[in-house]
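**Student:** Questions regarding the structure given below will be posed in turn.
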Amino acid sequence: MFDTVLVANRGEIAVRVIRTLRALGVRSVAVFSDADADARHVREADTAVRIGPAPASESYLSVERLLEAAARTGAQAVHPGYGFLAENAGFARACEEAGLVFIGPSADAIALMGDKIRAKETVRAAGVPVVPGSSGSGLTDAELAGAAREIGMPVLLKPSAGGGGKGMRLVRDEPALAEEIAAARREARASFGDDTLLVERWIDRPRHIEIQVLADGHGNVVHLGERECSLQRRHQKIIEEAPSVLLDEATRAAMGEAAVQAARSCGYRGAGTVEFIVPGNDPSSYYFMEMNTRLQVEHPVTELITGLDLVEWQLRVASGEPLGFVQEDVTLTGHAVEARICAEDPARGFLPSGGTVLLLAEPQGGGVRTDSGLSEGTEVGSLYDPMLSKVIAYGPDRATALRKLRAALAETVTLGVPTNAGFLRRLLAHPAVVAGELDTGLVERAVDDLIPAEVPPEVYAAAALLRQAALAPAASGSGWVNPFAAADGWRLGGERAWTPHHLRLPGHEPVTVRVRGTADGGTEVLPDGAETPLRATSGALSADGRRFAFVLDGVAHTFAVPPDGTWLGRDGDAWQVRDHDPVAASLGRSAHAGADSLTAPMPGTVTVVKVAVGDEVEAGQSLLVVEAMKMEHVVSAPHAGTVAELDVTPGSTVAMDQVLAVIAPREEA
């Protein structure tokens with residue numbers, strides 16, 4: 001076993017690898033960019049090395065700086081995690097040339113399986129069934145379009161060099177091919193530095209099932225069962241589970257053997273995953289999609305049902321040890337389900353989000369595990385992947401695991417950064433998910449029913465009560481409180497006055513909630529637009545100041561709250577409640593920031609500007625492109641008109657809701 005291992009990654013996977021290194025008594029070396037100087041993975045490692053400024057291209061993707069960090073700290077091996085350089089054959093080869101062990105497969109295996117076109121040809125020759133699609137690499141746009149027409153619509157455009165759903169485009173209509181090919185190439189180039197594409201037949205309502213393989217350097221290869229990854233959004237996995245309810249023992253064995261043959265076909269070593277697309281109505285007709293030559297994000301569900309630590313076995317295999325077991329020794333016990341917590345806002349179309357983690361609660365124990373790179377105070381920006389953590393639940397059966405995971409997501413708190421935790425909790429309760437009737441399009445079909453259209457009234461009430469409590473006068477040294485300073489609305493000989501609280505949630509219209517005390521010492525709340533007040537308690541903070549509880553109209557509510565009271569969290573959902581100044585709004589630019597203003601839908605960088613001031617535009621015309629976390633978002637004209645203002649240029653960094661341009665409506669003749 002190694003003495004010192006450098007972890008060439010960040011976030012939750014770096015923390016995860018460091019945990020196993022610590023358990024094995026191996027010294028860990030973390031690396032960090034300027035943006036991660038105080039990150040959790042830096043604090044948990046035995047030592048850490050700065051490798052450059054915040055952009056990944058100058059830090060986590062810099063082979064030279066990573067190798068220099070390994071040399072400075074005496075590392076004998078490098079664990080790449082996933083993402084960044086984990087599937088970069090050049091990095092694996094550079095490690096070998098520097099005398100370092102790359103904890104993963106050989107550079108040749110990475111290069112072969114990383115080229116999806118060559119990979120399909122290789123496994124096909126080994127007898128593994130593959131999805132019908134284009135053949136040959138380096139196809140031009142015209143050749144891709146021709147192959148798509150020959151296969152027949154719908155088709156899936158995929159980058160040859162990458163994975164994770166980035167750059168993938170489902171094209172159902174032939175006229176959209178040219179635009180979708182161009183967009184797929186842009187995303188592939190930005191994500192992987194290679195815009196080579198391939199095209200495959202799209203199988204409607206498919207299931208995505210993958211097989212975990214483990215191979216040593218002595219010719220031994222086993223599979224550790226399957227993972228069902230059919231719950232996806234925009235080709236990104238969001239829920240994974242093991243085992244799959246679709247497979248019987250015979251199909252599981254057949255797919256496992258096919259995965260083993262795929263691994264053998266490239267001389268694989270280490271932990272890897274062979275992904276299959278499976279028709280839901282005929283699981284025996286499975287097709288090879290690709291092989292991921294690294295540890296997968298969803299590896300914990302396999303660990304929980306097999307009892308194996310996959311990072312530990314990566315380390316043991318890389319240090320030259322043979323596998324200590326054969327296929328017959330692998331048993332799958334119980335059921336495990338994982339949910340990926342991402343910095344994204346479901347209410348805004350899942351656009352990337354960001355911010356500072358003000359309050360954090362991550363469940364652990366009792367069959368629940370959270371793998372996370374977060375801590376309170378962590379800054380989440382738009383430079384890196386939006387995944388923040390993973391919540392995994394284990395039970396003796398699927399129903400128990402699902403219930404535990406829903407409960408764990410309800411306990412998950414990440415205030416300060418909008419996440420998808422509440423959305424995932426509702427998804428796990430969807431009847432089709434509970435029944436195991438999954439396919440890769442289910443989430444998109446159900447999404448509208450899983451995102452609440454309105455803000456619950458108790459959210460506004462809680463925000464108003466917190467602000468009301470902050471108005472209470474401080475007691476003197478003797479404990480006396482001036483009753484005339486109390487903000488309870490008391491008036492001599494008249495009806496008590498309301499204290500208005502002007503509030504606004506991003507993406508919603510401002511509201512005014514009024515609060516006043518009652519003669520019997522109680523509290524009343526008048527919601528926005530209501531005529532009849534609701535009886536309430538003034539509310540109380542928990543002893544640690546992290547929870548606020550109150551009663552509204554006879555119903556008790558409890559929210560997680562940060563010290564400044566600007567966020568409220570409950571059951572995985574979170575709301576940022578800002579103070580709204582109606583006077584300032586009417587005087588400032590926001591007074592006309594309505595239908596004719598275009599604002600940034602997310603924090604990010606403007607990559608494309610297609611118009612100039614004075615240009616005439618049509619409703620729905622694409623005007624700008626904003627990129628965050630390697631995902632593009634097109635900003636379109638809300639109506640026909642003239643570009644009156646343009647406040648950004650390509651390369652501009654923008655905040656969420658920042659005004660980008662103003663479109664003056666076209667006057668009717």
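**Student:** Let me check against my output: what whole-number percent is the relative contact order of the chain, with C-alpha pairs under 8 Å and at least 6 apart?
**Tutor:** 9 percent.
**Student:** Now for a separate question. Near K120, which lysines are there with a Cα under 20 Å away, not counting those fewer than 8 places off in the same chain?
**Tutor:** Partners found: K158, K166.
**Student:** Taking Cα centroids, how far is region 234-313 from region 58-112 in Å?
**Tutor:** Distance between centres, Cα-based: 25 Å.
**Student:** Which of the aspartates and glutamates could be linked to K116 by a straight reach, that is with a Cα gap under 15 Å, when you skip same-chain ones fewer than 8 residues away?
**Tutor:** Reachable aspartates and glutamates: E87, D108, D194, D195, E200, E275, E290.
**Student:** Considering only DSSP beta bridges whose two residues both sit in the chain, what percent are antiparallel, to the nearest 5?
**Tutor:** 90
**Student:** Would you mind working out the magnitude of the charge dipole of region 235-277 relative to its Cα centre, with +1 at each Lys and Arg C-beta and -1 at each Asp and Glu C-beta, to the nearest 20 Debye?
**Tutor:** Using Cβ point charges on Lys, Arg, Asp and Glu, region 235-277 gives about 260 debye.
**Student:** Sequence-distant or interchain residues sharing an amide H contact under 5 Å with L198, placed H: which?
**Tutor:** Distant-sequence amide H within range of L198: K158, S160.
**Student:** Could you pull out every whole DSSP H run in the chain that spans at least 27 Å of Cα extent along its own axis and averages -1.0 or higher on the Kyte-Doolittle scale?
**Tutor:** none
**Student:** Follow-up. Taking the Cβ-Cβ separation of S57 and S137 as r and a Förster radius of 25 Å, what is the calculated FRET efficiency to the nearest 0.05?
**Tutor:** Details: r = 25 Å, r/R0 = 0.99.
About 0.50, to the nearest 0.05.
**Student:** Quick one: what are the phi-derived ³J(HN,Hα) couplings along region 167-173, Karplus 6.51/-1.76/1.60 with θ = phi - 60°, whole Hz, x for glycine and proline?
**Tutor:** Going residue by residue, I get x, 7, 9, 8, 10, 9, 10 Hz, with x marking Gly and Pro.
**Student:** Quick one: which residues, 5+ away or cross-chain, put their amide H under 5 Å from the amide H of D573? H built at 1.01 Å from N.
**Tutor:** Amide H neighbours of D573: G422.
**Student:** Would you grab the residues whose amide H sits under 5 Å from the one on H501? Only those 5+ places off in sequence or on another chain, please, with H modelled 1.01 Å from N.
**Tutor:** V513, R514, V515
**Student:** Where Lys and Arg each count +1 and Asp and Glu each count -1, what net charge lies around T20 among other residues with Cβ under 10 Å from its Cβ?
**Tutor:** +1
**Student:** Using only Cα atoms, locate the centre of region 445-463 and the centre of region 644-669, then give the distance between them in Å, rounded to an integer.
**Tutor:** 29
**Student:** With a 10 Å Cβ neighbour count serving as the proxy for reagent exposure, in which order, fewest first, do V434, V609, V155 appear?
**Tutor:** V434, V609, V155
**Student:** Taking only the alpha-carbon positions of the chain and ignoring solvent, what does the Debye formula give for the base-10 log of I(q)/I(0) at q = 0.05, 0.10, 0.12 Å⁻¹?
**Tutor:** Log10 of I(q)/I(0), two decimals: -0.27, -1.01, -1.36.
**Student:** I've got another one for you. Restricting to DSSP H runs of at least four residues, report the calculated mean residue ellipticity at 222 nm for the chain, -39500 (n - 2.57) per run over all residues, nearest 500 deg cm²/dmol. Intermediate values should be presented prior to the final figure.
**Tutor:** Working: 17 runs with 169 residues, N = 669.
Estimated from H runs of four or more residues: -7500 deg cm²/dmol.
**Student:** Give the distance, in whole Å, between the Cα centre of region 554-578 and the Cα centre of region 11-25.
**Tutor:** Rounded to whole Å, the Cα centres lie 33 Å apart.
**Student:** Applying a 10 Å radius around every beta-carbon, put 634-642, 454-462 in order of their mean neighbour count, most first.
**Tutor:** Going by the mean number of other Cβ atoms within 10 Å, highest first, we get 454-462, 634-642.
**Student:** First select every other residue whose beta carbon is under 14 angstrom from the beta carbon of V609; then total the charges, Lys and Arg +1, Asp and Glu -1.
**Tutor:** Working: positive: K610; negative: D615, E627, E632, E645, D647.
Local net charge: -4.
**Student:** Additional query: Could you work out the mean projected area of the convex hull around the alpha carbons of region 10-98, in square nanometres to one decimal?
**Tutor:** 5.1
**Student:** Still on this structure: Could you go through region 473-479 in sequence order and give the Karplus-derived ³J(HN,Hα) for each residue, using 6.51 cos²θ - 1.76 cosθ + 1.60 with θ = phi - 60°, rounded to whole Hz, and x for Gly and Pro?
**Tutor:** Here the 3J(HN,Hα) series is x, 6, 6, 6, x, 8, x Hz.
**Student:** Excluding S33 itself, calculate the net charge of residues whose Cβ lies under 13 Å from the Cβ of S33, where each Lys or Arg counts +1 and each Asp or Glu counts -1.
**Tutor:** So the environment of S33 carries a net charge of -2.
**Student:** Assign unit charges at the C-beta atoms only (+1 for Lys and Arg, -1 for Asp and Glu), then state the dipole size of the chain relative to its Cα centre in Debye, rounded to the nearest 20.
**Tutor:** 1000
**Student:** Trypsin sites (Lys or Arg not before Pro) within region 87-187: which are DSSP loop residues with at most 14 other Cβ atoms inside 10 Å?
**Tutor:** Sparse-neighbourhood loop trypsin sites (Lys or Arg not before Pro): R172.
**Student:** Taking the Cα centre as origin and putting +1 on Lys and Arg beta-carbons and -1 on Asp and Glu beta-carbons, what dipole magnitude results for region 47-144, to the nearest 20 debye?
**Tutor:** Working: 8 positive and 11 negative charges, 50 e Å.
Here region 47-144 has a charge dipole of around 240 debye.
**Student:** Rank by packing, highest mean first: peptides 364-371, 220-227, with packing defined as the count of other Cβ atoms within 10 Å averaged across residues.
**Tutor:** Output ranking for 364-371, 220-227: 220-227, 364-371.
**Student:** Next question. When the distances between all Cα atoms of region 186-237 are binned every 10 Å from zero, what whole-number percent does each bin get?
**Tutor:** Over region 186-237, the share of Cα pairs per 10 Å bin runs 17, 29, 35, 18, 0 percent.
**Student:** With the dipole of the chain worked out from charges on the C-beta (+1 for Lys and Arg, -1 for Asp and Glu) around the Cα centre, which of G477, V31, G324 lies farthest toward the positive end?
**Tutor:** G477
**Student:** Arrange E344, E328 by Cβ neighbour counts within 10 Å, fewest through most, would you?
**Tutor:** In increasing order of surrounding Cβ atoms, one gets E328, E344.
**Student:** Between E321 and E257, 0.36 nm times their residue separation minus their Cα-Cα distance comes to what?
**Tutor:** Details: separation 64, 0.36 × 64 = 23.04 nm, distance 2.29 nm.
Extra length from E321 to E257 when fully extended: 20.8 nm.
Computed from the coordinates by the stated procedures, all read-outs in this text should not be read as laboratory data. On a predicted model such as this, the values are computed, not experimentally measured, just so you know. Quick reminder, even Gly has a Cβ in these numbers, built from the backbone with ideal geometry, and neighbours come from all protein chains shown.
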